[in-house]
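Peer 1: Structure below; questions to follow.
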């Protein structure tokens, strides 16, 4: 029976996430979906991540722990190994809800022309409380993705895509460290990949001091702005930045100075230099695996 269902490949990129990765792995292997493979690409963790991975080795199709060039590189390495018809990655502080793999499979089978399936997702704090729920736009295309800075059309762990979609749009751009998923979605849309939305909740992402969504919330806005602009959405970026400026009095007073400031264009190399600084202040705000990427 399992062989009749499409094979789903789940890639878990990780680095020093020993406090969270076990829940991520458990959320995959407890899906009870009969035709999936789980691949873990670790960037050379020095905490207890490897010990946890070894405990679940029997459930893994492949795993490796070795230095890499960051999250984007780890995902690309996993995708190169994956043999599934449906592909996705799950960060090591995110997890699936029960029935998610079956839901991915079901929607792809019901929509043969679908290139990517997206569902609802929640951001959860360390106490298990919902911080934010993200429900996908029912009609996702290039134009709607240009408005990603308004809050995002969907949560990445609540998505999965076909092998064809990956072949058309991949691999992930390893020069992008924060909005890497947004860049991939935009490339998929530009290549004619069809997005299909579902109303069900499929995954949750943890909001904690070392998560991108927390430590880099403001940088995410800038990274998204750069990515969207590169794909032809400059007018949308200008509109959204203008809306943000109108909401915040400080931005309103300083809007022109902000958008004309060279630091916006030079932000990425500046962050690279900051990330390499081992000063304790920045260590509190920049996750170790992001330092490694930058």
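Just so you know, all these numbers are worked out from the coordinates, no wet-lab data involved. These numbers come from a predicted model, not from an experiment. A quick note on method: Cβ atoms are made from the backbone with ideal geometry, for glycine too, and the neighbour counts reach across all protein chains shown.
Peer 1: Report the FRET efficiency, 1/(1 + (r/R0)^6), for residue 242 and residue 32, where r is their Cβ-Cβ distance and R0 is 45 Å, rounded to 0.05.
Peer 2: 0.40
Peer 1: Contour minus end-to-end for residue 46 and residue 167, with contour as 0.36 nm per residue of separation and end-to-end as the Cα-Cα distance?
Peer 2: So the extension gain works out to 40.2 nm.
Peer 1: Between segment 117-134 and segment 155-193, what is the separation of their alpha carbon centroids in Å?
Peer 2: If we compute the Cα centre of each part, the gap is 21 Å.
Peer 1: Sequence gap at least 6, Cα distance under 8 Å: using those rules, report the relative contact order of segment 1-120 to the nearest whole percent. The partial results should precede the final answer.
Peer 2: Numbers: 200 pairs, mean separation 45.6, N = 120.
That works out to 38 percent.
Peer 1: Using a 10 Å cut-off on Cβ atoms, rank the peptides 130-142, 161-173 from the highest mean neighbour count down. Don't jump to the answer; show the numbers that get you there.
Peer 2: Working: 130-142: 15.5, 161-173: 18.8.
In decreasing order of mean packing, 130-142, 161-173 become 161-173, 130-142.
Peer 1: Pull out a ≥ b ≥ c, the square roots of the eigenvalues of the alpha-carbon gyration tensor of segment 97-220, then state rounded if a/c is under 1.5, prolate if not and a/b is larger than b/c, and oblate in the remaining case.
Peer 2: Oblate shape, in that a/c is at least 1.5 and b/c is the bigger or equal ratio.
Peer 1: Take every Cα pair under 8 Å in segment 2-212 that's 6+ residues apart, average their separations, divide by the length, and report that relative contact order as a whole percent. Working shown, then result.
Peer 2: Working: 436 pairs, mean separation 52.6, N = 211.
In percent, rounded to a whole number, it is 25.
Peer 1: Obtain the nm distance between the two label points defined at residue 102 and residue 234 by a simple spin-label model: each point lies 7 Å from its Cα along the Cα-to-C-beta direction.
Peer 2: Between residue 102 and residue 234, the simple spin-label model gives 5.0 nm.
Peer 1: With a ≥ b ≥ c taken as the square roots of the eigenvalues of the C-alpha gyration tensor of segment 2-212, please select rounded if a/c is under 1.5 and otherwise prolate if a/b is larger than b/c or oblate if it is not?
Peer 2: The shape class here is rounded.
Peer 1: Just to be sure I understand the model, the point goes 7 Å from the Cα along the line to the Cβ. What's the resulting residue 66 to residue 111 distance in nm?
Peer 2: 3.8
Peer 1: Right, here's the next one. Checking the a/c ratio against 1.5 first, then a/b against b/c, what shape does the Cα gyration tensor give for segment 154-213?
Peer 2: Oblate shape, in that a/c is at least 1.5 and b/c is the bigger or equal ratio.
Peer 1: Moving on to the next point. Sticking with the crude label model, points 7 Å out along Cα→Cβ, report the distance from residue 131 to residue 194 in nm, one decimal please.
Peer 2: 3.5
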